[in-house]
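Below is one structure, written out as structure tokens; the observations come after it.
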Amino acid sequence: MYYVNREQISIRLAVIPDIAEALSTLSRSWSGELLQGLAQERALHLAVETVTDIGSYLIDGFIMRDASSYEDIIEIIAGEGVFPAELKETLLELVRLRRPLVQDYYDWTREMLHPLTQQLPESLVSFKSAVEAYLLQELGE
């Protein structure tokens, strides 16, 4: 029997619509101002952390193989069929942003709209739905 921390997964899934909305709003109204650049950085960072946190809870709960990196978290849950294959590359591209956002933030180009900012809202909503469907399929309720 698995112990999947559905409460913590649900808490994190619940923030996805807000992150997606923020990214959509930034995309539509982008002017390259500093405040928008900082907001974009934070929204992308939250997206990375949310997806990897959820992935880690799934890996731990379903006793999947241990992940060796953020990219590996995506590879593992993709391999387990948690989300559709077409999301994999976008999610890998997202988690590859973690280092630039968290460690190399001083080099981040804040005046440019990052391509993922436009792509992620739909992908994040799809990820959320896929995780919810996976949990229902595997655990019921």
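The values are calculated or read from the model by the stated rules, or taken from the named source; none is laboratory data. Remember, predicted model here, so these are calculated numbers, not experimental data. Cβ atoms come from the backbone with ideal geometry, glycine included; neighbour counts cover every protein chain shown.
The figures follow:
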read-out: Matching entry among A78, A39, A47 (being over 20 Å from Q103 (Cα atoms), assigned to a helix (DSSP H, G or I), at pLDDT 95 or above and in contact with a helix residue (DSSP H, G or I) (Cβ under 8 Å, 6 or more places away or on another chain)); value: A78
read-out: Number of the exception - D107 against (1) in contact with a Gly (Cβ under 8 Å, 6 or more places away or on another chain); (2) exposed (fewer than 15 other Cβ atoms within 10 Å of the Cβ); (3) free of Cβ contacts under 8 Å to residues at least 24 places away in the same chain; value: (1)
read-out: Helices (runs of 4 or more DSSP H) contained in the range 84-141 and holding at least 3 residues within 26 Å of Y2 (Cβ to Cβ) and either touching a Ser or Thr at 6+ places or on another chain (Cβ under 9 Å) or at pLDDT 95 or above (or both); value: 88-95, 115-139
read-out: Residue in the range 27-41 that is buried (at least 20 other Cβ atoms within 10 Å of the Cβ), of a type in the set (A, V, I, L, M) and out of contact with any strand residue (DSSP E or B) (no Cβ under 8 Å at 6 or more places or on another chain) present; value: no
